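The values are calculated or read from the model by the stated rules, or taken from the named source; none is laboratory data. Worth saying up front: this structure is predicted, and the values here are computed from it rather than measured. FYI the Cβ positions are ideal-geometry reconstructions off the backbone, even for glycines, and counts take in every protein chain you see.
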Amino acid sequence: MKNLIVIAPVLLMLIAAASAADVAPATAPTAPRVRVLILTGLEYPGHKWQQTAPLLAEIIGKDRRMEVAVQEDPAYLASPQLHEYQAMVLHYMNWQKPDPGEAARRNLQQFVAGGKGLVLVHFACGAFQGWDEFRKIAGRVWDPRLRGHDPHGKFTVRIIDSEHPVTAGLKDFETVDELYTCLAGDAPIRILASATSKVDRKDYPMAFVLNYGRGRIFHCVLGHDPAALGAEGVQALYRRGTAWAAGLEP
Ligand SMILES: [Zn+2]
């Protein structure tokens, strides 16, 4: 009993300290959070990035180890500040507009080659058309000569690699989305999830990973609209894929 009396005030102090930390994380930081940037601000008109970018930030930010910021100016790709982030989520497609230019392309290339993470969202595979190096960075890119996608609708995404940290433990899931059939390229990729087209019965990659230089790339073609990003399986892929790209254990 004597021991308990001694311990109790210590416990109370510890509880009080923990409560203070909960309400004041800025003044009492625990482990530093990994900084992730969502780069958006321009897309194919059918893609409402104003809705989907904040949703992606919310989905990824549910992993509290990551602090997610959204940048709506594609010209930021040329900024040296880009390198303050551990990973970038490219939710961007310069539809019928020039890309942000040579300095931005070089900066993006150096960002990934230097060891950072890159996540490509849905139609980001169509960005930087005509920039050869982007084929190597993205692994696969949109080829406008190919059929774009199945009619928008329901399909099953199959997890085909349960060994990779991003998809370990994930289960097949149904989603309502665009099943992309338009990717081309020959960089070595590791396919994590795929789906079978209702149109031609062929399998197409829905999510895959690759390396470029010292960088890690998670590329996912799912997530046409807020409803598609609402699927739990899609959310898990983006959250875990971004964590992996940022160098965390998903
Ligand atoms: Zn789409």
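From 92, 76, grab the single residue that is more than 16 Å from the ligand (Cβ to nearest atom), surrounded by 15 or more Cβ atoms within 10 Å (Cβ to Cβ) and modelled with pLDDT of 95 or more.
Just one listed residue meets the conditions, 76.
With the structure loaded, tell me whether residue 241 is more than 25 Å from residue 147 (Cβ to Cβ) and within 16 Å of the ligand (Cβ to nearest atom) or whether it fails that test.
So residue 241 fails the test.
Matching residues to (1) in contact with a helix residue (DSSP H, G or I) (Cβ under 8 Å, 6 or more places away or on another chain); (2) within 28 Å of residue 105 (Cβ to Cβ):
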residue	(1), (2)
139	no, yes
146	no, yes
158	no, no
161	no, no
179	no, no
190	no, yes
195	no, no
212	yes, yes
218	yes, yes
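Does region 221-229 contain any residue that is farther than 17 Å from residue 163 by Cα, among the β-branched types (Val, Ile, Thr) and buried (at least 24 other Cβ atoms within 10 Å of the Cβ)?
For region 221-229, residues farther than 17 Å from residue 163 by Cα, among the β-branched types (Val, Ile, Thr) and buried (at least 24 other Cβ atoms within 10 Å of the Cβ): present.
Could you grab me the full set of residues in region 137-148 that are surrounded by fewer than 18 Cβ atoms within 10 Å (Cβ to Cβ) and touching a residue at least 12 places away in the same chain (Cβ under 8 Å)?
The answer is 143, 144, 146, 147, 148.
Considering each residue of region 55-97, count those that are of a type in the set (S, T, N, Q) and over 16 Å from the mean Cα position of the chain (by Cα), and give that number.
4
From 34, 112, 121, 68, which residue is of a type in the set (Val, Ile, Thr) and either surrounded by fewer than 20 Cβ atoms within 10 Å (Cβ to Cβ) or modelled with pLDDT under 95 (or both)?
Every option except 34 fails the conditions.
Could you please find all residues in region 166-196 being under 29 Å from residue 128 (Cα atoms) and part of a loop (DSSP other than H, G, I, E, B)?
Across region 166-196, the qualifying residues are 166, 167, 178, 179, 181, 182, 185, 186, 187, 188, 189.
Restricting attention to region 124-135, and to residues there that are assigned to a loop (DSSP other than H, G, I, E, B) and surrounded by 21 or more Cβ atoms within 10 Å (Cβ to Cβ), which single residue is nearest to the ligand (Cβ to nearest atom)?
Going through the qualifying residues, I end up with 127.
When region 97-122 is examined, which residues are found to be assigned to a loop (DSSP other than H, G, I, E, B) and within 22 Å of residue 47 (Cα to Cα)?
Within region 97-122, 97, 98, 99, 100 qualify.
Looking only at residues in region 161-172 that are surrounded by fewer than 18 Cβ atoms within 10 Å (Cβ to Cβ) and under 24 Å from residue 225 (Cα atoms), which one is nearest to the ligand (Cβ to nearest atom)?
172
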